[in-house]
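Below is one structure, written out as C-alpha cells; the observations come after it.
Every number in this text was worked out from the coordinates using simple rules, so none of it is lab data. Small disclaimer: the values here were computed from a predicted structure and weren't measured. Positions of Cβ are generated from backbone atoms using ideal geometry, with glycine treated the same way; all protein chains shown enter the neighbour counts.
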Amino acid sequence: MTTEPPVRLLAIYEFASSEDHMMGSLLQNLAGELPGLRVQCVSGLFREYRPGGLRPKRLLNLAWVYAAVFLRLLGPRPTVALVHSAPPGVQLWTVFWAALRGVPVVFWLMDYHPELEARILERRGWRLGSRVLRQVDAWLMPRFEVIVTLDEAMATLARSRAGHVEVWEHPTWGTTKPLPVIEPVREPAGVGEPLRLVYSGNLGVAHDLAPLRQLIRALVRSRPLALLVIGASADGESRFRALAAETGIELQLRPRIPFAELPRAYAEYRVHAGIVLLAAESGGLVSPSKFSGYINFGVPLVYVGPAATNTALVCTRFGGGFWLPTSAVEDDVQAVAAKLLDAQTLAAAAAGARAAADHFARFDGQSLARLLAPRFRELAAASARR
C-alpha cells in the first residue's frame, strides 16, 4: 500500500480573522480531503478588515505581508502556495518569488488588482502608471498554476491576461446554513401603497446610482416607491439622501445589522425586491456578492450592472430578478419598471430567486476544496519525485 506524499500548503491572505470565513472554511475542508496536509499561513499584522485602502494600518499590512511572503519563500519549499488577491498585488509579488524557487502558485482572485488601480490611474490621466501596472500583470499572470475566479466576467478578463493557465469559476459563499426564508411580498398592497425596495450593503465607488435613478423615475410615474437602505457608509447614505430628494421617494436608513437578522428586517418592511448595483467598468474586476443576501431569503433582485456576473445569472438563467444593463436605453428602463409593477411577474421572480439560491448553495468551502485537492495531490507527487 502506497502512501500519498503530504501536501505542504502556504496560504497567503491578509485578514486571518473570523471575517475571512471563506479561507478558513477552505483550509478546514482541504484538511479533510488531503490527509497529512500541512498548512502554514502568512497574513497581515492587523487581522480585522477596516474600509480604506490608503489608511496607515492598511499600508502597514501590505508591507508586512509582502515582507513575510518574501522571507517565507526563502525557507523550506512548500508544495504549493495559495494566495488571495489582498493586499493589492500580493499575488504578483508571490508568483514572482515563488517561480524562482519552483513553487507553483494557485491564485484565488477576489478583486482584480492591479487592474483596478490601473483604471483609476487612467481616469486621472496617469497613463504611464496604468501601462506599467498592466505590463507587470500580463508578464506575471501566465506564471500561475491555476486561477480561481468568482464569475464569468472575471474569468474572461483573467484568461485574456493569463495565456495558457487554467482559469476556474467558483462563486463566493455565505456563513449561515440552512438559511431562513421569508415569505416575500408578491404584489404592492393596495392602491397608493408603495413599491418597497431594499439596498443592503456599503455603497462604494464601483456602484453607479445614475441608472437606478432613471429606473426610479420611471416607477414613480405609476406608483409611490419606498427604499430601505441597510448598512451604507456615511458617503453612501449621503448619496441615497440626494437620490431621494431628486426623485421624491420615501427613504429609510438603518445601520448595518447581522446577516441572520436581514430576513426579519425585510419582512417588517414588506420588501418586494432587493437592489444590486455595479458600474459598467467594474465588470470582471469585482463580483457583487450582495445578491446572496436577497435570494437566500426568497427576495428577487433589481440588478443594475454589466453582464456575465453571478447577479446577472440569477436574473437571466433563473428568472430571479430584473436586470437593467448600465447601457440601457429608455425602452429597457420602461420594460423593467413594468415588470416590477406586475404582481404575477414579481411572484415568478420570487420563485426564481429561491431556485437561484438552491444553485449557489452548492458552492462552499467543501466544493472548492474538492476542486483544488486533485491538483494539490499531483503537485505533491511531482515534488516527491524530484
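Of the residues GLY298, GLY274, GLY231, the one that moves most in a GNM of the chain with alpha-carbon contacts below 10 Å is GLY231.
Amide H contacts for GLU166 (H built 1.01 Å from N in the peptide plane; partners 5 or more residues away or on another chain; cut-off under 5 Å): ILE147. Annotation: amide H-H contacts under 5 Å for HIS113 (H modelled 1.01 Å from N, sequence separation of 5 or more, or interchain): GLY89. Magnitude of the charge dipole for the chain, about its Cα centre and with charges confined to Cβ atoms of Lys, Arg (+1) and Asp, Glu (-1), is about 1020 debye.
When the Cα positions of THR94, ASN296, HIS21 are compared along the charge dipole of the chain, THR94 comes out farthest toward the positive end, with charges on each C-beta of Lys, Arg, Asp and Glu. Annotation: amide H-H contacts under 5 Å for VAL42 (H modelled 1.01 Å from N, sequence separation of 5 or more, or interchain): ALA11, ILE12, TYR13. Using the Karplus relation 6.51 cos²θ - 1.76 cosθ + 1.60 with θ = phi - 60°, the per-residue 3J(HN,Hα) values for the range 378-384 come to 4, 5, 5, 5, 5, 5, 5 Hz, with x marking Gly and Pro. Computed over the chain with a Gaussian network model linking Cα atoms closer than 10 Å, the most mobile of LEU340, LEU82, LEU100 is LEU100. With loop membership from DSSP and a limit of 15 other Cβ atoms within 10 Å, the longest segment of the chain without GluC sites (Glu not before Pro) is 49-386.
Each Lys and Arg Cβ is given +1 and each Asp and Glu Cβ -1; about its Cα centre, the range 209-317 then shows a dipole of about 240 debye.
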